[in-house]
Amino acid sequence: MEKGARDWSRIKQYCVAGALFGLVLARTIGTGWQGHMDAIFFIVVAVAAALFLVPLSVLKSLKAGSLEFTLQQPEVSAAIGGLQLTQVQNDELRLTLESAKDVLPSVRGSRVLWIDDHQEKIVALRRVLRALGINVVCAVSSQNARELLAVDADYDLLISDVQREGNTHQVTGGVDIHEGTNFVVWLRSHHEDPVVRGLPVVFYAPYDWERLVEFTEPARKTLPEPTISNAVPDFVDKVIRQLAKSRFTALLAGGEKEPTDYQ
């Protein structure tokens, strides 16, 4: 908004505020305090003044405190713009986020492990998740992911590509180039930590749907069954919904820590 427009808007606000104040003063001088009815009168005037003087964006942000989500938040708008989507995809993504705004506060603070050997191609999409308050940890290979999980297995979701190089097929018997699928099969059947074995998974790859279904079939036969996606709006929606589900579900793991015996 240009400076002249801002100044004119401010002048109008001052005029209305002055008129409201004058109305209250005239009411007080002319009739005196009239108890309950006057209390209602002043409350109505105060609310009217607030609705006019306080910007709408501020009132919206007060609706649900600091966790209120709006598409007008600069970091969200910038992240969506960085995706360089078509107009149709952009509209679909915005509708997805708007429809998910009630669960987004519960998703903030979630932790995601995203495995992809071409991290440079998903930077913009990772920034969308970060703008929503989701912490994303990146791994470029299955081995890298195993090392990260060995140090810290506290994740709410695992996101994976489908095709990358790796040797997990030697254990799972899968197609060698489908390392993403093979890794999830191995995770479900061989990982020693039951929490890691049960991590929800979302496969994201821009194949046509038939190929994506075919390439991920071995992993989708495992439980819990992974989710698949090949389009940005659908992917963001599935990630948000799965994270909300994970955050609403109690984690039954570990047990009481026992002292380590070094003898």
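The values are calculated or read from the model by the stated rules, or taken from the named source; none is laboratory data. Here the structure is a predicted model, which is why all the values come from computation and not from measurement. As a convention, Cβ positions derive from the backbone with ideal geometry for all residues, glycine included, and neighbour counts pool all protein chains shown.
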Would you check if R146 is assigned to a helix (DSSP H, G or I) and within 17 Å of V239 (Cβ to Cβ)? no
Does the range 180-198 hold any residues that are under 20 Å from D117 (Cα atoms) and in contact with a Leu (Cβ under 8 Å, 6 or more places away or on another chain), and which are they? V184, L187
The listed residue being part of a helix (DSSP H, G or I), of a type in the set (A, V, I, L, M), in the same structural domain as W114 (by TED's automatic domain parsing) and surrounded by fewer than 15 Cβ atoms within 10 Å (Cβ to Cβ), out of V196, V184, V213, V236: V213
Among the residues of the range 125-157, count how many are acidic (D, E) and either surrounded by 17 or more Cβ atoms within 10 Å (Cβ to Cβ) or closer than 14 Å to G109 by Cα (or both). 2
Among (1) more than 19 Å from R220 (Cβ to Cβ); (2) in contact with a helix residue (DSSP H, G or I) (Cβ under 6 Å, 6 or more places away or on another chain); (3) of a type outside the set (G, A, S); (4) surrounded by 22 or more Cβ atoms within 10 Å (Cβ to Cβ), where does T168 come up short? (1)
May I ask you to list the residues in the range 89-119 that are among the hydroxyl-bearing types (S, T, Y) and outside any loop (DSSP other than H, G, I, E, B)? T96, S99, S106
In the range 112-126, how many are more than 18 Å from Q163 (Cα to Cα) and in contact with a Leu (Cβ under 8 Å, 6 or more places away or on another chain)? 3
For the range 216-230, how many residues meet the condition of being loosely packed, with under 13 Cβ neighbours inside 10 Å and basic (K, R)? 1
Considering the range 210-240, residues that are among the hydroxyl-bearing types (S, T, Y) and in contact with a Leu (Cβ under 9 Å, 6 or more places away or on another chain), and then whichever is nearest to L104 (Cα to Cα), we arrive at S229
So the check is Cβ under 9 Å with 6+ separation or different chains; which pairs have a first residue in the range 241-254 that's over 16 Å from I159 (Cα atoms) and polar (S, T, N, Q) and a second one that's part of a loop (DSSP other than H, G, I, E, B) and at pLDDT 90 or above? none
